[in-house]
Amino acid sequence: MKILAALLLAVAAPLYSHVGSPDVFYEGSAGPYRLLVTVRPPQVIPGVAEVEIRSVGPGVEKVRVAPLRLTAAAQFSPVPDEMRRSKDDPQFFSGTVWLMSTGSWKVLVQAEGKPGKGEIAVPVPALSTRVMGMQTSLAAILIPLCLVLVLGLAAIASASAREAELEPGQMPDARRIRRSRIVMAVVLAGTCGVLVLGNSWWSAEAGDYSRIVYKPLQLKAAVQDGNHLLLTLDDPGWLNRRVDDLLPDHGHLMHLFIVNLPRMDQVWHLHPERGREPETFAQTLPTMAAGQYALFADVVHANGIAETATTRIELSTIDGAKLEGDDAASGPPIIPKGGYNPDVAELPGGYRMLWERSAVRIRARQPYEFRFRLVDAQGADAKDVELYMGMQGHAAFVKDDGSVFAHVHPSGSVAAATLALTTPLTTPDDPHAMHNMAHGGLPAQVTFPYGLPQPGIYRIFVQMKRGGEIMTGMFNASVEN
Amino acid sequence: MTGTHWDISWHRSIGRDTFWTPAHVDIYLCGILAGLACGYLILSTTWDRDSPLRKSSVALWGFRGPLGAFISAWGGIAMLTSAPFDDWWHSAYGLDVRIISPPHMILASGIMAVHLGALILILGQMNRADGDQRTRLLRLYLYVGGMILVCLTVLQMELIYRTSMHTMRTYRLVAMVVPLVFAAIARGSGYRWAATWVAGVYTVFVLLMSWILPLFPAEPKLGPVLHPLHQFTPPEFPLLLIVPALVLDLMWQRTARWGLWKQATISGFVFLAVFAAVQWPFASFLMSPAARNRFFGAIFFGYYADPNSLYMRYLFRPVESGALFWKELAWAIVAAIATTRLGFTAGNWMRRVRR
């Protein structure tokens, strides 16, 4: 019975564009309004995505949303739906959009108020990530109903053969009764045959669906010649995905984050170069201690789908090369001279990075603005802050068991290369980079809109650049349900 | 069937829906009404030993009632079973909008059973009646026959759009369904113009749907919107089934003494030849500028209709070439003969139904 078989199907965890973090968080300007947009994609496509929008400032009276393929022009947009405005919080709006096919979509957001109108587009990956079995409670309803239908059909056919042609009041004779039993057996056999065919049909449909269920890229890692890390992207086969169509993201085809295990108190943000084959990448490693490391490799495909391939590797001591270009490492944690403050990361040269918490308690799946400030030894804002790969900062959120990884920017969790495909509707991906400029340099403060997907303990690695040097601060976040 | 056409139009015009759209409520209300009405008939006949229906009822699992009531009740249960199954199907495999899926087929079999039950319920009474009562019941019987034809053609709707009306496959698909209904209803009633009436009910119903639905506003809620629209998209102009139905009625009036196989063979050929003779050129007309008005409905498309598609450019799919054409034609003839013969058998049995 297909229903019983469906009960046994496994449930897969959502893994794409980051690891274990399917929701999209984006902060941008829709005309005169700054909006923090959260999109929670469905686990099955076609499906319904939930959209939550908070206006950072007042003035927004109406917000409308509509779904569209990422590269489709706005003229093909369906009629936008007006979002529900919260009665308790007039700056909070919620609604849904339907994502009808696998691939890159965007949510068009139109905001309206007295200051005028504005529009932004938020890219959303639409990927089936779940194979759902049938709930026991539903099977308990459907199986008896199915039995009633099968046996009922046979009984109706039998009654029909036995009595339907009799004049009122006439009783069926032995011949009719015998014939009705034969008819019942034939109909029962026929119905079973139909059920077998239906089961085959169901299996074929389930097979078609399983082909579109997202299968993440696999990552293979090996070290050769002492400090040469060789990476291979292995496609397990999923739709028409290719590994030779990667887009440069901040100028790099791959962003590789390496985190030491189990302490997770050091991070390397590297940018391997593509090898001879399109699926291979190579990176000269810096000096690293022997031990186990988790690798998270971010890539963006030409269609805007971003993926994070992961693996683990056991390294012996690496006598490596000096980091160059955009490559950066946190270095060993610096023990503070005074008392330990979990919201302060000590940095080389007396600099410190401060976590300016917007909430005392962090709850899973809720969007927050994670705000950090870089100060010098005297506690003043760092004056010589620069863009780091076109961004005012980069942050990596990693769960202590490695089940969650997200590379986040000041514009949110969407990859910059994906955002670039949504132009001209989308505002620059670093909303703070330009308009907050302080005298003679960038502001020392950076904000990352993001929501941590599960309860647990997370490391937050924050990277900013000042005076040509990339500074990496490390923080801990405890997330509640 | 209004709910079914409404729901299909909803998906072509608005795109997305919920379980509680008016069209869905319309569909499932039919199942509930059929279940309740037939449940009442069955229970009252079972518990009331003086019920006038008792002597003309059949026994099933300890219950007594008219045979048609059991069939319709079965259909109601099937329709209600399909609802949670369809809901789960969408959760598991996505919110598809295809007509042909396993839960939709259970729903369709339920709808068909409700119709069939109503037909048998009427027949049981009609075959025992005479005079005015028989005439009234005959009208009801022909109406239900027409709605059965509407129900079956809905299942083929997405396979026989006018773009494909110059392919033999379309005629094979129609031949697999329509002669069965014509032959069964005509044979079951013995009425001279039964097939014509059945085709007439189908034609009027589909015409009304195609004229009424566009009167109501609708806007696409799914993208990409390749064809902007502001009203419900109606079904296509009905197939010209009334012409072969009329010819078959005339023929059956003159061939009543023939053997069933001989009748079925000639009828199958005649149905196919007459239907193709009228529908093929009419399809050409539907593609012409003269049909691009509200009457013939060739101005209406779903929001997803690609401006570059054959459908929107009023072009036909090419007719099958070579052996494939002859193969489809052969199967169409076989299907028309076989379904007519099956219809005769069903009709002969229906004529004998008394309960």
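Read-outs throughout are calculated quantities, based only on the coordinates presented, and are distinct from any laboratory measurement. In this text, all values refer to a predicted model and were calculated from it rather than measured experimentally. With ideal geometry, Cβ positions are generated from the backbone for all residues, glycine too; neighbour counts draw on all protein chains shown.
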Using +1 at the C-beta of Lys and Arg and -1 at the C-beta of Asp and Glu, which of A:L253, A:I460, A:L323 has the Cα lying farthest in the positive direction of the dipole of segment A:218-480? A:I460
With unit charges on the beta carbon (Lys/Arg positive, Asp/Glu negative), name the residue among B:A59, B:H5, B:S44 whose Cα is farthest towards the positive pole of the charge dipole of segment B:1-75. B:A59
So for R0 = 45 Å, FRET eff. of A:E480-B:L310 from the Cβ-Cβ r, to 0.05, ends up at 0.20
Rounded to the angstrom and largest first, Cα extents along the principal axes for the protein assembly as shown equal 109, 59, 57
If I build a Gaussian network model for chain B, linking alpha-carbon pairs within less than 10 angstrom, which residue out of B:T233, B:T45, B:T21 has the largest mean-square fluctuation? B:T21
Once you sort the root eigenvalues of the Cα gyration tensor of segment A:71-141 as a ≥ b ≥ c, which label holds: rounded (a/c under 1.5), prolate (a/b larger than b/c) or oblate (the other case)? oblate
In chain B, taking the dipole from +1 charges on Lys and Arg beta carbons and -1 charges on Asp and Glu beta carbons about the Cα centre, the listed residue (B:Q263, B:M312, B:A113) farthest towards the positive end is B:Q263
Proxy reagent accessibility, fewest Cβ within 10 Å first, across A:S21, A:S210, B:S267: A:S210, A:S21, B:S267
The simple spin-label model distance between A:L151 and A:D401, using points 7 Å out along Cα→Cβ, in nm, is 4.5 nm
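Helix-only mean residue ellipticity at 222 nm, the protein assembly as shown, DSSP H runs n ≥ 4 weighted -39,500 (n - 2.57), per residue, nearest 500. What is it?
-12500 deg cm²/dmol
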If every Lys and Arg gets +1 and every Asp and Glu gets -1 at its Cβ, then about the Cα centre segment A:267-327 yields a dipole, in debye to the nearest 20, of 80 debye
Is the C-alpha gyration tensor of chain B telling us rounded, prolate or oblate? Criteria: a/c under 1.5 is rounded; beyond that, a/b larger than b/c is prolate, otherwise oblate. oblate
Of all chymotrypsin sites (Phe, Trp or Tyr not before Pro) in segment B:289-355, the ones in DSSP coil with at most 13 other Cβ atoms within 10 Å are B:F295
Could you size up the charge dipole of segment A:146-212 around its Cα centre, putting +1 on the beta carbon of Lys and Arg and -1 on that of Asp and Glu, and report it in debye to the nearest 20? 280 debye
How far is helix A:136-163 tilted off the main Cα axis of chain A, in degrees rounded to 10, range 0 to 90? 20 degrees
Ranked A:D298, A:D235, A:D225, criterion: other C-beta atoms within 10 Å, fewest first: A:D225, A:D235, A:D298
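Would you work out the relative contact order for chain A, in percent, from Cα pairs under 8 angstrom that are 6 or more residues apart?
It comes to 15 percent, rounded to a whole number.
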Where does helix A:174-212 land angle-wise versus the long Cα axis of chain A, in degrees 0 to 90, nearest 10? 10 degrees
Rounded to the nearest 20 debye, what is the charge dipole size of the protein assembly as shown about its Cα centre when +1 sits on each Lys and Arg Cβ and -1 on each Asp and Glu Cβ? 4740 debye
Note: probe point = Cα of B:E320 + 7 Å toward Cβ; backbone nitrogen < 20 Å; residues of segment B:121-157 passing the test are B:156-157
Which aspartates and glutamates does A:K117 reach when only Cα atoms under 13 Å apart count, and residues fewer than 8 places away in its own chain are ignored? A:E61
I need B:K262, A:K383 ordered by Cβ neighbour count within 10 Å, fewest first. B:K262, A:K383
Relative contact order for segment A:24-126: what percent, with Cα pairs under 8 Å and sequence separation of 6 or more? 32 percent
